[in-house]
1. Anything in the stretch 44-85 that is under 12 Å from the mean Cα position of the chain (by Cα) and among the acidic types (D, E)? List them, or say none.
2. When you check V64 against the structure, is it farther than 15 Å from I81 by Cα and β-branched (V, I, T), yes or no?
3. If the Cβ limit is 6 Å and pairs must be 6+ apart or interchain, which residue in the stretch 45-59 that is of a type in the set (S, T, Y) pairs with which residue that is loosely packed, with under 14 Cβ neighbours inside 10 Å?
4. Tell me which residues, restricted to the stretch 52-93, are part of a loop (DSSP other than H, G, I, E, B) and either modelled with pLDDT of 80 or more or among the aliphatic types (A, V, I, L, M) (or both).
5. Which count do you get for residues in the stretch 7-36 that are assigned to a loop (DSSP other than H, G, I, E, B) and either open to solvent by less than 60 Å² (accessible area, probe 1.4 Å) or free of Cβ contacts under 8 Å to residues at least 40 places away in the same chain (or both)?
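The values are calculated or read from the model by the stated rules, or taken from the named source; none is laboratory data. Since the structure is predicted, the reported quantities are computational estimates derived from the model, not experimental observations. Cβ coordinates were reconstructed from backbone atoms using ideal geometry, including for glycine residues, and neighbour counts include every protein chain displayed. When the accessible area is computed, the model is the full protein with side chains, heavy atoms only, and any ligands, DNA or RNA have been set aside. Shrake-Rupley method; radii C 1.70, N 1.55, O 1.52, S 1.80 Å.
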Amino acid sequence: MGISTLDSRSIAMLNYIVQNEQSLSVSEIANHFNLSVRTIYYDIDKVNSWFIYNGCNRVNIDRVNGLFLDSDQKDLIQELIFDDDVNKDYVFT
């Protein structure tokens, strides 16, 4: 079962990934947000559940190259998260 909304930290993490042109390691993301690697993996699980709920592909994770999103995924994220109508429907945690 997927989730229909994302918390603010997950949205911030997705925004960070979308803004980067290259793949990011989980450690880089953890350092950027001052979080543990385990917390980042937990958030990625939440994001993937949200992606599935919204008919999107999961975050691409490669243990060597890190996390990355293709251009179609980035476009869809921009539309689903940062569109004014949808942005009002996320959950603060």
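1. D45
2. yes
3. S49/G2; Y53/G2; Y53/S4
4. Of everything in the stretch 52-93, those that are part of a loop (DSSP other than H, G, I, E, B) and either modelled with pLDDT of 80 or more or among the aliphatic types (A, V, I, L, M) (or both) turn out to be N54, G55, C56, N57, R58, V59, R63, V64, N65, L69.
5. We begin by selecting, within the stretch 7-36, every residue assigned to a loop (DSSP other than H, G, I, E, B); these are 20-23, 25, 34-36.
Remaining after also requiring either open to solvent by less than 60 Å² (accessible area, probe 1.4 Å) or free of Cβ contacts under 8 Å to residues at least 40 places away in the same chain (or both): 20-21, 23, 25, 34-36.
Residues flagged as assigned to a loop (DSSP other than H, G, I, E, B) and either open to solvent by less than 60 Å² (accessible area, probe 1.4 Å) or free of Cβ contacts under 8 Å to residues at least 40 places away in the same chain (or both) within the stretch 7-36 amount to 7.
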